[in-house]
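The values are calculated or read from the model by the stated rules, or taken from the named source; none is laboratory data. From a predicted model like this one, the values you see are computed outputs, not experimental measurements. For neighbour counting, all protein chains shown are included, and Cβ atoms are generated from backbone atoms with ideal geometry for every residue, glycine included. Note: accessible area is taken over every heavy atom of the protein model, side chains too, but ligands, DNA and RNA are not part of it. Shrake-Rupley method; radii C 1.70, N 1.55, O 1.52, S 1.80 Å.
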Amino acid sequence: MRYLPKSPAEREAMLAEIGVSGINDLFSSVPEEYRLTHDLAIPRQMGESEIVDYFKQAAAHNANGYSSFLGAGAYRHYRPVIIDSLVQRGEFLTSYTPYQAEITQGTLQAIFEFQTMICELTGMDIANASMYDGSTGAAEAVMMAVRITGRGDVLVARTVHPEYREVMQTYAQHQGHVAHELAYGEDGRVDLKALDQSLTENTACVLVQSPNFFGLIEDIPAIADIVHKKGALLIVSIAEAVSLGIVRPPVEADIVSLEAQSFGVALSYGGPYCGVIAAKEKYLRQMPGRLVGETKDKHGRRGFVLTLSTREQHIRREKATSNICTNQALVALMTTIFLTVYGKEGIKELAQQNLAKAHYAVGALSRHGKLLFAGTPRFHEFVLETDEAPEQLNARLLDHKIIGGLSLARWYPELGNATLWCATELTTREQIDQAAAILAEAPVAAAVR
């Protein structure tokens, strides 16, 4: 129903009915120093056609002709047009949570296929649907491990995405468990010696990311060996799903938290994304979200049902394992279509393309800066240190419609003038060469000195 404005007379009648003399009386409980006492400088209202024109102009200004080397958990990949053609069909676009199996077989099958593909990619036994994104998935995985082990301490590698860590801390502050940071070594990966020394009998789990925030591949088998000796669980977070096309899956992990945005989900100014948790089957009962299973009806025909759903909205809410309440099936369907279109060999070739582009970018850009963690295996991101401050460097690049690397000073001040760069299959050789040429130019301020 559209908003219906009220006339002054109607407003007065409504106020009289509830027994107050004016609108301000409704806000009497708000301390006066926090009330708005001046008019806001709000521009005049715009017509629908004006709004459409405004956004067209803004899109042209913001996007046309720009190349981007940003990654850090939000990756530019090609989206086959068939994805939007299918997900915008009414039976998918308007479907609700599949409570009634008899009328939601299509949605249930799509979720089942999604779970199956995620298991194949991660090497896990089971996978769920309905995590909001990779950050909440990692936080939910930590809470899952705390429930399984009954322990209260959590070790989180500093090489895990800083924003993932912030979300996890938000979850943890009222959960009763304590998170401790785990240092990285000179190679940019988890310091195995520090890991061994930090583990105690009260450690519930260790959370690492691979490829990590620096784009480096962690030694998951070695980490798992140390973690499991102390009876803790290993959680591996994966922010770049495409890496699984070429990087060995973390089969030694107990729980895998995955952000599947790269598989056909548009960046869309930050969401929605596609979070997933996958795990060993023995942890099935502690997994949040919902799991769809395959079954047969009384006539022996194949069918799909919600095998397990632990949402708080259902009965016995006090036993719920999560407050994740949204049906993320639509973005999961995007991922399912993407993986179906590419297939196993296609995903492998896509990962190889990303690896090759990053390798070329490293060669071109590191001639004008220092490549950090040079000897460590990486996927499609790398850290570059320059004499020039990241802000100044990125400003020069932006003058040429190039969005440069992400400054790491906010989270890793010890790395100096370090920036995180990313190259995907959409990054062209010409764009890389242009960025390298600009890096080679002397900054104006430096030339004057």
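Peptides 424-436, 17-29 ranked from most to least packed, by the mean per-residue count of other Cβ atoms within 10 Å: 424-436, 17-29. Identify all aspartates and glutamates with a Cα-Cα distance to K296 below 20 Å; exclude those on the same chain that are fewer than 8 residues away in sequence. Hits, sequence-local ones excluded: E102, E113.
For the stretch 263-274, putting each phi into the Karplus relation 6.51 cos²θ - 1.76 cosθ + 1.60 with θ = phi - 60° gives couplings of 8, x, 9, 5, 5, 6, 6, x, x, x, 9, 9 Hz, in residue order, rounded to whole numbers and with x for Gly and Pro. Give me the aspartates and glutamates in straight-line cross-link reach of K282: C-alpha distance below 13 Å, same-chain residues under 8 apart excluded. Of all the aspartates and glutamates, those that pass the test against K282 - Cα under 13 Å, at least 8 places apart if same chain - are D125, D254. Rounded to the nearest whole angstrom, the semi-axes of the ellipsoid equivalent to the chain, taken from the Cα gyration tensor as √(5λ), stand at 37, 34, 26, largest first. For the stretch 403-413, backbone phi angles converted through the Karplus equation (6.51, -1.76, 1.60; θ = phi - 60°) give residue-by-residue couplings of 8, x, x, 7, 5, 9, 4, 4, 10, 10, x Hz, Gly and Pro being listed as x. Taking amide H positions as modeled 1.01 Å from N, with prolines and chain starts lacking one, the residues under 5 Å from I403 and 5 or more places away or on another chain are S67, S68, F69. Here the sum of -39500 (n - 2.57) over DSSP H runs of 4 or more residues, divided by the residues of the chain, equals -11500 deg cm²/dmol at 222 nm, to the nearest 500.
Peptides 101-114, 384-397 ordered by packing proxy, namely the average of other Cβ atoms within 10 Å per residue, highest first: 101-114, 384-397.
Answer rounded, prolate or oblate for the stretch 81-338, using the Cα gyration tensor with square roots of eigenvalues a ≥ b ≥ c: rounded when a/c is under 1.5, else prolate when a/b is larger than b/c, else oblate. Prolate. Put simply, the amide H of F304, placed in the peptide plane, has neighbours under 5 Å in T295, leaving out anything fewer than 5 places away on its chain. Here the accessible area is traced with a 1.4 Å probe on the protein chains. For the chain, carbon and sulfur cover 53 percent of it. Entry comment: accessible area of the chain is 52 Å² per residue, from protein heavy atoms only and a probe of 1.4 Å.
Apply the a/c threshold of 1.5 to the C-alpha gyration tensor of the stretch 50-155 and tell me whether it is rounded, prolate or oblate. Note, shape of the stretch 50-155 comes out oblate. Computed from the Cβ-Cβ distance with R0 of 35 Å, the FRET efficiency linking I438 to E345 stands at 0.40.
For the peptides 8-16, 252-260, 330-338, 217-225, residues were scored by their other Cβ atoms within 10 Å and the scores averaged per peptide; the highest-first order is 252-260, 330-338, 217-225, 8-16. For R290, the amide hydrogen comes within under 5 Å of the amide hydrogens of A129, counting only partners 5 or more places away or on other chains and with H modelled in the peptide plane. Cross-link partners of K357 among lysines, defined as those whose alpha carbon lies under 23 angstrom from its own and excluding same-chain residues fewer than eight positions apart: K344, K348, K370, K401. Each Lys and Arg Cβ is given +1 and each Asp and Glu Cβ -1; about its Cα centre, the chain then shows a dipole of about 1020 debye. When DSSP beta bridges are restricted to pairs lying wholly in the chain, around 55% turn out antiparallel. Shape class for the stretch 379-449: oblate, because the ratio a/c of the largest to smallest gyration tensor axis (alpha-carbon atoms, square roots of eigenvalues) is 1.5 or more and b/c is at least a/b.
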